[in-house]
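**Q** Attaching a single structure in structure tokens format; questions to follow.
The values are calculated or read from the model by the stated rules, or taken from the named source; none is laboratory data. The structure displayed is predicted, hence computed values, not measured ones. Here the Cβ is made from the backbone with ideal geometry for all residues, glycine too, and neighbour counts use every protein chain on show.
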């Protein structure tokens, strides 16, 4: 049975990858500014947690969806905590809509426009969710940048982690993404690391994640024995990755969820866009590097 320790007025269903998660931050924070938000989310939301996302609480989405997709009775004591339910799905879920309509106290909010149709307008993808929570927002208004709620404790943890990993105030490089077609060559990132060390004497810290698990050995080999360059030896949980990112002096990466995360941590972020449109998928405050042969030379 699902229970709530503290009543909340707004429930948000949010699904997707790390990049999708960060793209919803401005919309989530608009909702939280009006009423306490309980967020039912996929793994990235769960891993980041309520403090970083700046919402009241985060619960697993899967259990709620399983209940809604079944014919089992819904727990009224849970649903009576809410007056509004926002669905942050790219595709509509008729079963969820039908089941929630049984609760007369709930107001269900879903995007009126198809996500793929919205993308054809070549606007920032995060504005899709902002339009849902702020339907009267002027179309020409610049969307706010996605920001995590970074605490002093996060920064202190980051300093300890960086000390353990043998790096201080580094330029952070992430040479991967969830789609190899998006990636600049590893040689490009190696040259960037060499240049950073030569011109500023800065430490360079190369990170990788689940998407690069099969490529981790290759990444380690490319950057092996480089002066002042360290490579992440093992996977980090998202909260630990955020903590490390708070200690960076800058970030360089491809179009990836980690790049969105770095920008949301407030790093000066350089993002290489190869096969995707940065106007739609780029972090709002990132410096975009268009993938060209000249860039890679």
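**Q** Looking at 80, 141, can you tell me which residue is under 26 Å from residue 269 (Cβ atoms) and at pLDDT below 90?
**A** The match here is 141.
**Q** Moving on to the next point. Does residue 125 meet the test of being closer than 25 Å to residue 263 by Cα and buried (at least 17 other Cβ atoms within 10 Å of the Cβ)?
**A** It is true that residue 125 is closer than 25 Å to residue 263 by Cα and buried (at least 17 other Cβ atoms within 10 Å of the Cβ).
**Q** Next question, about the same structure. Give the residue, chosen from 242, 258, that is within 23 Å of residue 197 (Cβ to Cβ) and touching a residue at least 12 places away in the same chain (Cβ under 8 Å).
**A** That would be 258, the only listed residue that is within 23 Å of residue 197 (Cβ to Cβ) and touching a residue at least 12 places away in the same chain (Cβ under 8 Å).
**Q** If you don't mind, another one. Of the residues that sit in the range 281-294 and are touching a helix residue (DSSP H, G or I) at 6+ places or on another chain (Cβ under 7 Å) and outside any strand (DSSP E or B), which one is modelled with the highest pLDDT? Even if it seems obvious, please write down each step before you answer.
**A** Quick first cut of the range 281-294, residues touching a helix residue (DSSP H, G or I) at 6+ places or on another chain (Cβ under 7 Å) only: 283, 285-286, 288-289.
In the following step, the residues that additionally are outside any strand (DSSP E or B) were identified as 283, 285-286.
Numbers: 283: 94, 285: 88, 286: 91.
Here the residue is 283.
**Q** Another question, then. Evaluate the range 144-164: report whether one residue or more is in contact with a strand residue (DSSP E or B) (Cβ under 9 Å, 6 or more places away or on another chain), outside the structural domain of residue 45 (by TED's automatic domain parsing) and closer than 29 Å to residue 207 by Cα.
**A** yes
**Q** Still on this structure: Look at residue 43 and say whether it is touching a strand residue (DSSP E or B) at 6+ places or on another chain (Cβ under 8 Å) and modelled with pLDDT of 95 or more.
**A** Working: touching a strand residue (DSSP E or B) at 6+ places or on another chain (Cβ under 8 Å): no; modelled with pLDDT of 95 or more: yes.
It is false that residue 43 is touching a strand residue (DSSP E or B) at 6+ places or on another chain (Cβ under 8 Å) and modelled with pLDDT of 95 or more.
**Q** Of everything in the range 260-284 that's touching a strand residue (DSSP E or B) at 6+ places or on another chain (Cβ under 7 Å) and more than 14 Å from residue 182 (Cα to Cα), which residue is surrounded by the most Cβ atoms within 10 Å (Cβ to Cβ)?
**A** Taking the candidates together, the pick is 262.
**Q** Right, another one. Out of the range 202-237, which residues are surrounded by 14 or more Cβ atoms within 10 Å (Cβ to Cβ) and free of Cβ contacts under 8 Å to residues at least 24 places away in the same chain?
**A** 216, 220
**Q** Filter the range 77-115 for residues that are touching a residue at least 24 places away in the same chain (Cβ under 8 Å) and part of a helix (DSSP H, G or I); which is nearest to residue 28 (Cα to Cα)?
**A** 115
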